[in-house]
Amino acid sequence: MDHSQAPVLDALAAYHAENQTPFTPPGHKQGRGADPRVRAVLGDSVFRSDVLATSGLDDRTSSRGVLAKAQELMADAVGAEQTFFSTCGSSLSVKAAMLSVAGPHEKLLVGRDAHKSVVSGLVLAGIVPVWVDPQWDAERHLAHPPSADAFRAAFAEHPDARGALVTTPTPYGTCSDLPGIAATCHEHGVPLIVDEAWGAHLPFHPDLPTWAMDAGADVCVTSVHKMGSGLEQSSVFHLQGDLIQPEVLKNREDLLGTTSPSVLVYAALDGWRRQMVQHGHALYDDALALAKTVRARIAEIDGLHVHGRDDFCGPGRAADLDPLQVIVDISALGTTGYRIADWIREHHRINLHLSDHRRTSAQLTHADDASSTDALIAALSDVARHADELRPAPTVEVPDPAGLRLEQVMLPRDAFFGRVEQVPWQKAVGRVSAEMLTPYPPGIPAALPGEKLTSEVLHYLRSGVDAGMVVPDAADTEVKTVRVTVEDRA
């Protein structure tokens, strides 16, 4: 296919050239109705290109097939059989994929390190989760994706499961054994869904981890805004094989998605695909070389340790690692990643990616260069020199894997929509959670609707909030009270 084309961008340019006059939404009418103070911040171009997808970018019947052509080019670029664009983020795309595989009261094998959007899908659909435990690194207090053997064991116990879902890469850059998991699913005649939100770049360079379609997955969900050049909320889901019908996947996306998709998001997706096909290999040559240099420079800073393959990959750990996720252990500084990130933002105006009780991280992409990474190194060097100002940090009481693992005693949907009450966190021990309690980032719930809360997990969340952890989806974001199901007292 001709990847010099960009159907959405070309149609948008034609819309401008034809000087079309809209009597349709959006109501700002090419920015003419927008407050000048808003335009001064956002720019006129945003409003000029914010047009309807139909009766705007394309005609009323979409006869020019603008979006369809752009999706065909995206599928061809990465070697998928079919691709769908989403302007509601991978949080929607992964739900559409789940609903294409399992329905109410049907089982789906799910890695317990799944993003909160997966849990939302379970709540909405009434799917029965069969949790597959991640691989736990006790030394570093970090979970890696579940192994192929763990999925194999889950299928042996639940042969009626309709499919499986795994998250890879994780926000820490660690990757699962996708070929092994896909083979296990296909031995049982069911599909594998891969939440590859952090892997938009993987198809475009051989030195990056294998991406989901090449590993045999049936559906792959990717957030192009995370590691690509897409705008926020831009997502694609790719499909191959015959275990999920494309019309079913599209129908589920239509059930959940917006009827007012953003042409701005479509255009950025279209342009990113062209950029990657034409220049991706060279861009990632440079990005990978830069990442290697950055890792070496950070390793020279006293008190900092950069995690690499030796730490994260091997038996009982991850199968591979994306080197563009630079994970830095700061525990030798005697403080927390939360305090490190806050101090660097305040003093250097640099926003780090993921921080936890003993780590912080920097996400590198093809957009980074010597200027941005020099600023990062300077900030990390400076915070290491000022670490005494950040001590002593409150202790986060992180349980061992057994303490973190909660028992699922109700369907997530039943707990979420059932009768609930808000109780002091100390009195929530032994009660069934009616909400997600999710340290963010990375957005992996510590407790789910339908799980029985334990003292260990509640102390972890409370001590974490006191230390700087953010739990934004809780009804009480300080986790001083917790939303639990009302117990029948018949």
**Item:** Residue match in segment 208-222 (condition: open to solvent by 10 Å² or more (accessible area, probe 1.4 Å), farther than 25 Å from Arg309 by Cα, touching a Gly at 6+ places or on another chain (Cβ under 8 Å) and modelled with pLDDT of 95 or more)
**Value:** no
**Prompt:** If you check Ser262 against the conditions, is it touching a residue at least 24 places away in the same chain (Cβ under 8 Å), open to solvent by 10 Å² or more (accessible area, probe 1.4 Å), of a type outside the set (A, V, I, L, M) and over 15 Å from Met98 (Cβ atoms)?
**Reply:** yes
**Message:** Let me confirm something: among Ala75, Ala80, Ala97, which residue is closer than 22 Å to His201 by Cα, in a loop (DSSP other than H, G, I, E, B), open to solvent by less than 70 Å² (accessible area, probe 1.4 Å) and of a type outside the set (D, E, K, R)?
**Reply:** Ala80
**Fill in**
Tyr440 vs (1) at pLDDT below 95; (2) surrounded by fewer than 22 Cβ atoms within 10 Å (Cβ to Cβ); (3) on the phi < 0 side of the Ramachandran plot; (4) out of contact with any Pro (no Cβ under 6 Å at 6 or more places or on another chain): all pass except (4)
**Message:** Can you tell me how many residues within segment 100-116 are open to solvent by less than 20 Å² (accessible area, probe 1.4 Å), farther than 10 Å from Asp195 by Cα and within 18 Å of the chain's Cα centre (by Cα)?
**Reply:** 3
**Message:** Among the listed residues Pro179, Pro134, Pro146, identify the single one that is in contact with a strand residue (DSSP E or B) (Cβ under 6 Å, 6 or more places away or on another chain), open to solvent by 30 Å² or more (accessible area, probe 1.4 Å) and not aromatic (Phe, Trp, Tyr).
**Reply:** Pro134
**Request:** Within segment 437-460, identify whether any single residue is touching a Ser or Thr at 6+ places or on another chain (Cβ under 9 Å), within 21 Å of Thr167 (Cβ to Cβ) and in a strand (DSSP E or B), and answer yes or no.
**Result:** yes
**Prompt:** Applying the selection to segment 184-201, what residues are of a type in the set (Val, Ile, Thr) and either surrounded by fewer than 24 Cβ atoms within 10 Å (Cβ to Cβ) or touching a residue at least 60 places away in the same chain (Cβ under 8 Å) (or both)?
**Reply:** Thr184, Val190, Ile193
**Filtered residue count, segment 336-354, keeping only those that are under 19 Å from Asp374 (Cβ atoms), out of contact with any Leu (no Cβ under 9 Å at 6 or more places or on another chain) and open to solvent by less than 20 Å² (accessible area, probe 1.4 Å)** = 0
**Among (1) out of contact with any helix residue (DSSP H, G or I) (no Cβ under 8 Å at 6 or more places or on another chain); (2) on the phi > 0 side of the Ramachandran plot - the single one Gly89 does not satisfy** = (1)
**Prompt:** Which pairs have Cβ atoms under 7 Å, sit 6 or more apart or on different chains, and link a residue in segment 162-183 that is in contact (Cβ under 8 Å) with a residue 12 or more places away in the chain to one that is among the hydroxyl-bearing types (Ser, Thr, Tyr) and open to solvent by less than 10 Å² (accessible area, probe 1.4 Å)?
**Reply:** Cys175/Thr168; Ser176/Thr168; Leu178/Thr168
**Request:** State which residue is farthest from Ala268 (Cα to Cα) when the search covers only segment 202-251 and only residues that are touching a residue at least 40 places away in the same chain (Cβ under 8 Å) and among the small types (Gly, Ala, Ser).
**Result:** Gly241
**Request:** Would you point out which residue out of Leu390, Leu411, Leu437 is under 26 Å from Arg339 (Cβ atoms), hydrophobic (A, V, I, L, M, F, W, C) and within 26 Å of the chain's Cα centre (by Cα)?
**Result:** Leu437
**Message:** Among the numbered criteria (1) in contact with a helix residue (DSSP H, G or I) (Cβ under 9 Å, 6 or more places away or on another chain); (2) exposed (fewer than 14 other Cβ atoms within 10 Å of the Cβ); (3) assigned to a helix (DSSP H, G or I), which one does Arg37 miss?
**Reply:** (1)
**Message:** I'm trying to understand the selection: among the residues of segment 302-315, which are over 18 Å from Leu380 (Cβ atoms) and part of a loop (DSSP other than H, G, I, E, B)?
**Reply:** Gly314, Pro315
**Request:** Scan segment 301-321 residue by residue and report those that are closer than 17 Å to Asp133 by Cα, loosely packed, with under 15 Cβ neighbours inside 10 Å and of a type outside the set (Gly, Ala, Ser).
**Result:** Pro315
**Request:** Output yes when any residue across segment 272-282 is open to solvent by 60 Å² or more (accessible area, probe 1.4 Å) and not in a helix (DSSP H, G or I), and no when none is.
**Result:** no
**Item:** Scope segment 462-488; condition in contact (Cβ under 8 Å) with a residue 40 or more places away in the chain and in a loop (DSSP other than H, G, I, E, B); matching residues
**Value:** Gly468, Met469, Asp473, Ala475, Asp476, Val479, Lys480, Val486, Glu487
**Message:** Suppose we keep only residues that are among the small types (Gly, Ala, Ser) and over 24 Å from the mean Cα position of the chain (by Cα) within segment 49-72. Which one would you say is most open to solvent (accessible area, probe 1.4 Å)?
**Reply:** Ser63
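The values are calculated or read from the model by the stated rules, or taken from the named source; none is laboratory data. It should be emphasised that the depicted structure is a prediction, and the values quoted were computed from it without experimental measurement. All Cβ positions, glycine included, derive from the backbone under ideal geometry; neighbour counts span all protein chains shown. Protein only, heavy atoms only, side chains kept; ligands, DNA and RNA dropped before computing areas. Shrake-Rupley method; radii C 1.70, N 1.55, O 1.52, S 1.80 Å.
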